[in-house]
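J.: Could you have a look at this structure, given as structure tokens, before my questions?
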Amino acid sequence: MGKNLVEKILEKHLMDGNLKSGDEIGVKIDQTLTQDATGTMAYLQFESMGVPRVKTALSVSYVDHNTLQQGFENADDHRYLQSFSYKYGLLYSKAGNGICHQVNLERYGKPGWTLLGSDSHTPTGGGLGMLAIGAGGLDIAVAMAGGAFYMPRPKTLQVKLTGKLQPWVSAKDIILKVLEILTTKGNVGYILEYTGEGVDSLTVPQRATITNMGAEVGVTTSIFPSDEQTRLFLKAQGREEDWIQLSADSDAIYDKTIEIDLNRLEPLIAKPHSPDNIDTVANLKGTKVHQVLVGSCTNSSYYDLMLVASVLKGKKVHPDVSFGVAPGSRQVFQMIAANGALGDIILSGARILESACGFCIGAGQAPGHNEVSLRTNNRNFEGRSGTKTAQVHLVSPEVAVASAIAGVIADPRDLGEAINVEIPETFRIDDSMVIEPADISFANSVEILRGPNIGLPPQTDPLQNSISGVATIKLGDKITTDHIMPAGARLKFRSNIPKYSEYVFEGVDSQFSTRSSENRDKGVANFIIAGSSYGQGSSREHAAICPMYLGVKAVIVKSFERIHKANLINFGIVPLTFVNEDDYNKIEQSDELILENIEINIKEKKDITLFNKTKNISIELNLDISDRQREILLVGGTLNYMKKQQ
């Protein structure tokens with residue numbers, strides 16, 4: 001029986017568990033990456049482990065989120081990250097060098113390697129044939145210390161591509177089609193593996209667009225084979241020696257298969273407020289547009305920006321449109337500046353934005369009230385742009401630039417003959433904004449720089465046998481980590497848990513933090529009640545840390561997304577699901593709730609019963625976790641668990 005690509009990589013990296021049986025596996029991690037919004041806490045956690053040097057083959061600390069540096073907090077965090085990296089053996093990519101996923105793809109990704117990143121779009125590396133997975137910062141700290149990364153034993157879903165993309169149809173349209181088929185729900189525990197003749201014509205940047213936005217499907221990661229396209233990309237980056245050929249066997253077995261005929265694909269668009277709210281561009285033609293933004297880790301490659309520049313050459317952006325372009329890396333920025341493409345973009349009336357996450361995370365470029373914004377990034381959750389009433393649509397660069405010129409949603413196929421973007425045989429290589437770590441013999445004398453915004457990882461307590469509290473908040477379906485912990489200007493408080501905790505559910509219920517802290521101080525536990533797909537979106541572990549700090553002891557929902565569920569366990573919060581989803585209707589906000597004998601029931605793997613004291617009813621709950629995770633919950637979280645193991 002043949003093996004698929006996922007199995008081949010996992011077999012070589014398996015540290016614990018069995019690929020054919022069991023509930024979870026432990027995987028050796030070759031590379032890690034963090035970005036500045038998640039890196040500070042990950043590194044504070046690493047420091048608390050007492051490990052003198054990172055044990056991965058490569059770890060990189062990127063600065064790409066808080067680059068506006070509003071207030072002293074961001075600058076202080078960056079100094080901490082740089083000094084930490086210098087001392088503990090990480091590369092440090094300075095602000096301005098580019099978005100972590102784009103730069104890592106260009107300069108450090110290796111086919112067949114594992115990559116763990118504290119950002120949900122780490123699967124971008126799958127476009128290069130890596131098994132690249134997003135996780136919480138504490139999981140990255142454990143990996144840097146040499147520990148395994150644990151995940152549910154994955155199932156593999158084959159996405160078979162046939163045919164070839166037609167003119168003006170892009171890689172973004174492929175992943176939007178995948179989202180239309182699979183949606184954002186019900187895919188936890190799967191890995192998407194792309195196969196078929198349609199793969200052959202897709203370049204690495206195109207593949208990376210697809211694997212990047214696979215995060216929105218809710219899968220663990222996505223991966224393409226390493227083939228001639230991969231070799232050509234690595235050769236152009238001066239890294240041909242990193243190439244290996246890697247693909248599934250012809251008789252490989254998959255748990256599920258879907259098929260997409262690229263010949264029949266047309267330009268697509270994700271309407272507000274979910275990446276799976278898919279429609280055709282043809283159906284929405286003529287809709288007034290106020291803002292168009294090209295960039296983010298999804299669509300900011302050299303290919304993307306050269307296509308935009310080629311369309312704009314000799315043309316002007318519509319006077320009613322605010323048009324911004326953000327190159328994904330300094331490499332891309334330098335190359336379009338050198339060949340004149342940047343000049344064509346500027347002459348069109350576009351605004352040039354920094355090589356950073358920027359508008360994708362709500363750090364600038366907030367649309368006007370009720371305005372329509374077309375963006376090439378990966379998420380259009382309500383309010384994520386910085387404007388709650390904005391109508392954010394997700395599109396390809398082709399649709400974006402056509403619409404920027406027209407002032408309305410436009411079909412790029414109406415632009416005429418397709419533009420052929422030539423990929424250079426050699427990319428411009430300049431790693432001068434990446435700082436090497438100190439020699440290990442000198443590392444002990446390196447001082448870590450800590451500003452007043454740098455705190456300590458919060459301490460957690462062992463699980464109590466009985467938890468009495470209230471349903472502090474009740475929420476619906478598809479609650480994202482953006483809903484739980486706002487990004488944008490609030491990101492600067494990520495190193496300061498007491499301060500950042502003041503903003504939990506800020507955009508949903510501004511009084512949640514106050515109610516929760518009052519309950520905590522009175523010894524009353526807080527419970528969060530929600531619907532399906534709780535914890536969608538970003539990997540931000542602060543969506544678990546800050547509720548934990550406020551005294552949240554359990555989250556009870558219809559279903560969880562993978563990363564957030566793991567983060568809750570890491571910080572000692574019990575993740576429970578309704579055995580009968582209709583029981584969600586039997587709990588109202590402010591109901592008094594009791595989890596009796598929870599410690600014993602977890603230890604002995606018994607059924608979990610919630611007693612709703614207000615309504616005098618019992619509700620059966622499920623705790624679907626591994627034996628290892630049960631031990632973590634019992635001691636109050638992963639840091640406590642590791643100390644106990646040591």
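J.: Toward the positive end of the charge dipole of segment 5-262, about the Cα centre and with charges on Cβ (Lys, Arg +1; Asp, Glu -1), which of T209, I253, G186 goes farthest?
T.: About the Cα centre, the residue reaching furthest to the positive side is T209.
J.: Take the alpha-carbon centre of segment 258-305, take the same for segment 604-646, and report the distance between them in whole Å.
T.: What the calculation gives is 42 Å, centre to centre.
J.: At 222 nm, what helix-only mean residue ellipticity would the chain give, in deg cm²/dmol to the nearest 500, using -39500 (n - 2.57) for each DSSP H run of four or more?
T.: About -8000 deg cm²/dmol.
J.: Tell me the trypsin sites (Lys or Arg not before Pro) within segment 567-646 that lie in a loop according to DSSP and have at most 14 other beta-carbon atoms within 10 Å.
T.: Those satisfying the criteria are K605, K606, K613, K615.
J.: What number, in percent, do you get for the relative contact order of the chain if the mean sequence gap of Cα pairs under 8 Å and at least 6 apart is divided by its residue count?
T.: Across the chain, relative contact order equals 14 percent.
J.: Run the numbers on segment 467-637 and let me know its relative contact order in percent, using alpha-carbon pairs under 8 Å that are six or more apart.
T.: Relative contact order of segment 467-637: 24 percent.
J.: If you don't mind, another one. Only bridges with both residues in segment 467-637 count here: give the DSSP antiparallel percent, nearest 5.
T.: 50
J.: Next up: Points 7 angstrom from Cα along the Cβ direction at A443 and V421: gap in nanometres?
T.: If labels sit at A443 and V421, their model points lie 3.9 nm apart.
J.: Past 24 Å, Cα to Cα, is the threshold; run K388/K492; K28/K643; K388/K558; K8/K110; K499/K643 against it and keep the listed order.
T.: K388/K558; K499/K643
J.: With a Förster radius of 45 Å, plug the Cβ-Cβ distance of E604 and A489 into 1/(1 + (r/R0)^6) and report the FRET value to the nearest 0.05.
T.: It comes to 0.45.
J.: With log10 I(q)/I(0) by the Debye sum over Cα atoms at q = 0.06, 0.11 Å⁻¹ as the read-out, I listed (1) -0.43, -1.12; (2) -0.30, -1.07; (3) -0.57, -1.08; which label goes with the value calculated from this structure?
T.: Entry (2).
J.: Is there a quick way to get the dipole size of the chain? I mean about its Cα centre, with the Cβ of Lys and Arg at +1 and of Asp and Glu at -1; what is the value in debye to the nearest 20?
T.: That gives a dipole near 700 debye.
J.: Hey, fewest Cβ within 10 Å first, where do R379, R520 land in order?
T.: Fewest to most other Cβ atoms nearby, the residues stand as R520, R379.
J.: Under unit Cβ charges (Lys, Arg +1; Asp, Glu -1), what dipole magnitude, rounded to 20 debye, does segment 261-365 have relative to its Cα centre?
T.: Approximately 300 debye in magnitude.
J.: Label-point separation (nm) for Q645 and T280, each offset 7 Å from Cα along Cα-to-Cβ?
T.: Distance between the two pseudo-spin positions: 5.2 nm.
J.: Let me ask something additional. Just the number, please: percent antiparallel of the DSSP beta bridges in segment 269-413, rounded to the nearest 5.
T.: 25
J.: Now for a separate question. Sort 233-242, 425-434 by the packing proxy (mean of other Cβ within 10 Å over each peptide's residues), most packed first.
T.: Per-residue mean Cβ counts within 10 Å order the peptides as 233-242, 425-434.
J.: If we count every other residue with Cβ under 11 angstrom of V524's Cβ, Lys/Arg +1 and Asp/Glu -1, where does the sum land?
T.: In short, +1.
J.: Which value, in debye to the nearest 20, describes the size of the charge dipole of segment 5-262 about its Cα centre when Lys and Arg Cβ atoms bear +1, Asp and Glu Cβ atoms bear -1, and nothing else is charged?
T.: 340
J.: Here's something else I'd like to know. Among W168, G637, I497, pick out the residue whose Cα is farthest towards the positive end of the charge dipole of the chain, where Lys and Arg carry +1 and Asp and Glu carry -1 on C-beta, about the Cα centre.
T.: I497
J.: Which helices pass in the chain if a helix is a full DSSP H run, must span at least 18 angstrom along its long axis by Cα, and must have mean Kyte-Doolittle hydropathy not below -1.0?
T.: 36-48
J.: Restricting the count to DSSP beta bridges whose residues both fall in the chain, what percent are antiparallel, rounded to a multiple of 5?
T.: Counting only bridges with both partners in the chain, antiparallel ones make up about 35 percent.
J.: Net charge near P397: determine it from the other residues with C-beta under 13 Å of the C-beta of P397, scoring Lys and Arg +1 and Asp and Glu -1.
T.: For residues surrounding P397, the net value is -1.
J.: Which net charge results for the neighbourhood of I258, defined as the other residues with beta-carbon distances under 12 angstrom from its beta-carbon, given Lys and Arg at +1 and Asp and Glu at -1?
T.: Neighbourhood net charge equals -2.
Bear in mind these aren't lab numbers, they're just calculated from the coordinates by the rules spelled out. Keep in mind it's a predicted model, so treat the numbers as computed, not measured. Don't worry about glycine lacking a Cβ; one is built from the backbone with ideal geometry, like all the others, and counts go over all protein chains shown.
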